[in-house]
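Trainee: A single structure is presented below for examination.
The values are calculated or read from the model by the stated rules, or taken from the named source; none is laboratory data. This structure is a prediction, so every number in the text was calculated from the model and none was measured. Methodologically, a virtual Cβ is constructed for each residue, glycine included, from the backbone with ideal geometry; neighbour enumeration extends over all protein chains shown. Note: accessible area is taken over every heavy atom of the protein model, side chains too, but ligands, DNA and RNA are not part of it. Shrake-Rupley method; radii C 1.70, N 1.55, O 1.52, S 1.80 Å.
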Amino acid sequence: MPASKRSTRECRNSPVHKAIVIAVQLPEAAEAELHRSLAELKQLLLGLDITAVAEVVQKRSVRSSPTTYLGEGKLRELAALTGGTGEVPRGPDARRADRAASQPAERLVVVADDELSPGQLRNLQAALGVDVLDRTAVILRVFESRARTREARLEIELARIEYELPRIRDDHALGDREGGGGRASRGHTNVELAKQRARDRMAAARRELEQLKESAEQRRLARADSFRVALVGYTNAGKSSIMRQLTGSDVLVEDRPFATLGTTVRQLSPPATPAVLVADTVGFIHRLPHALVASFHSTLSEAREAWLLLHVVDAADPAFRSQIRVTEQVLADIGAAETPALLLLNKADRLGREERDALAREHPGALLMSALDHRDGDALRARIEAFFAQHLVEQTVSIPYDRHGVLAELRDRLQVVREEYGDEVSVTVRGTPEALGKLAARLSGG
């Protein structure tokens, strides 16, 4: 097994409960933004039962060191905390250090608030003598611990393999090469074999995902006549709590990042006519790994195909404005930037009157609310119904008395404005153009 993969698994399974977080601050990075990012990283670590016990930040005028992320002085300072040498071994010593780095110091890991290159990761582990994780690896591990559905597990596995593939290196403990290819062949290196196994697993996971996506697509087509709403927003903003308010469903509500990974679709309750389906999607985060955005096709499809997005924001979080920008950027990346959106400034019950008034002036079209207040839930439902009312078309149709099945379906799927009884039942209804077109085809089909 490659050393990088073995080290990752050992770190995941070993009793690591403490972390030192590290970061590089460039001149253009604001102090407040840096602290918010580090606080977010620490919160993610807490979700893995890892507590940050120290913080090392280096201010640099240029980008981070291409070999060790931190400069030489900071690296030695950090090594004094981890028990490492603070030096990157060269030549024959590198192999011995590589083996030592794969034996992590008990209960301690170093976590960088950036994505590290394979070389930076390897050199930091060698210099510090402990396991090193970067921000992307932490987010992947949080996602892995939260995944419940088969589809979510496969998508996360794909993202993890894509992340680990360039970080696979030779496992020196197994020798330089493994046989194959005949007497004249020198065989394949461990890294070549490991990468091929990873690619094979990726191909198998993609095939299984395609089968699952076909089933999901059939379910979405079956819901094509319904209005669709998607809850989007920063992780832990309160989307699942609002989902409960709107649908009465018993969805998971937890005060931790990425408590919800799979997509949950429920009907607005009490039911509306035409039906309104509400989807709770995965939360976003600052610098969400691109591989995760790319792989979470199914849950993000709900956002792309929704008629209306409910953009949920934790208005009590001082960083909510930057979180709005993060969500808007992800929506643009997946092709949902043009979808109509209603901004929900959630957790307003934690704000004072002056703060609420200021937010109302700053975001005049938004809805200030608390997911815990049923009156706010009713106000949100009214906004949703008012939005969809403008998409309804009124039409009068005649239905023979012997077509009572069509009449029952019509009452179930469309808004009935009035009914008049003569030789036939004359019914005036309101619905989407698509639903009315299907009704006309049903009547003409006999």
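Trainee: Scan region 388-402 and give yes if some residue there is closer than 30 Å to D314 by Cα, of a type in the set (F, W, Y) and at pLDDT below 95, otherwise no.
Mentor: yes
Trainee: Look through region 298-324, keep the residues that are open to solvent by 60 Å² or more (accessible area, probe 1.4 Å) and under 19 Å from the mean Cα position of the chain (by Cα), and return whichever of them is nearest to A275 (Cα to Cα). Explain how you work it out, then say what you get.
Mentor: Applying the first criterion (open to solvent by 60 Å² or more (accessible area, probe 1.4 Å)) to region 298-324 yields 304-305, 307, 318, 321.
Now drop any that are not under 19 Å from the mean Cα position of the chain (by Cα), which leaves 304-305, 321.
Values: R304: 19, E305: 16, R321: 33 Å.
Once the filter is applied, the top-ranked residue is E305.
Trainee: Identify all residues within region 325-354 that are assigned to a helix (DSSP H, G or I), surrounded by 16 or more Cβ atoms within 10 Å (Cβ to Cβ) and in contact (Cβ under 8 Å) with a residue 40 or more places away in the chain; write none if there are none. Walk me through how you get there before you give the answer.
Mentor: Kept after step one, since they are assigned to a helix (DSSP H, G or I), are these residues of region 325-354: 325-333, 348-350, 353-354.
Retained after the next criterion (residues that are surrounded by 16 or more Cβ atoms within 10 Å (Cβ to Cβ)): 326-328, 330-331, 348.
If the condition is that a residue be assigned to a helix (DSSP H, G or I), surrounded by 16 or more Cβ atoms within 10 Å (Cβ to Cβ) and in contact (Cβ under 8 Å) with a residue 40 or more places away in the chain, then V326, T327, V330, L331 are the ones that fit.
Trainee: State all residues of region 143-158 that are closer than 25 Å to K18 by Cα and either surrounded by fewer than 23 Cβ atoms within 10 Å (Cβ to Cβ) or in contact with a His (Cβ under 9 Å, 6 or more places away or on another chain) (or both); if no residue qualifies, say none.
Mentor: If the condition is that a residue be closer than 25 Å to K18 by Cα and either surrounded by fewer than 23 Cβ atoms within 10 Å (Cβ to Cβ) or in contact with a His (Cβ under 9 Å, 6 or more places away or on another chain) (or both), then E144, S145, R146, A147 are the ones that fit.
Trainee: Just checking, how many residues over region 412-421 are in contact (Cβ under 8 Å) with a residue 40 or more places away in the chain, of a type outside the set (A, V, I, L, M, F, W, C) and surrounded by 13 or more Cβ atoms within 10 Å (Cβ to Cβ)?
Mentor: Number of matching residues: 2.
Trainee: Residues of region 419-436 being under 22 Å from V276 (Cα atoms) and either part of a loop (DSSP other than H, G, I, E, B) or among the basic types (K, R) (or both), which ones?
Mentor: Answer for region 419-436, where residues must be under 22 Å from V276 (Cα atoms) and either part of a loop (DSSP other than H, G, I, E, B) or among the basic types (K, R) (or both): R430, T432.
Listed here are the residues, each with its yes/no results for (1) open to solvent by 80 Å² or more (accessible area, probe 1.4 Å); (2) over 24 Å from R228 (Cα atoms); (3) part of a helix (DSSP H, G or I); (4) in contact (Cβ under 8 Å) with a residue 40 or more places away in the chain.
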| position | (1), (2), (3), (4) |
| --- | --- |
| G377 | no, no, yes, yes |
| A382 | no, no, yes, no |
| V397 | no, yes, no, yes |
| H404 | yes, yes, yes, no |
| L410 | no, no, yes, no |
| K438 | yes, no, yes, yes |
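Trainee: Suppose we keep only residues that are among the hydrophobic types (A, V, I, L, M, F, W, C), open to solvent by 60 Å² or more (accessible area, probe 1.4 Å) and within 24 Å of V142 (Cβ to Cβ) within region 19-78. Which one would you say is modelled with the highest pLDDT?
Mentor: Here the residue is V53.
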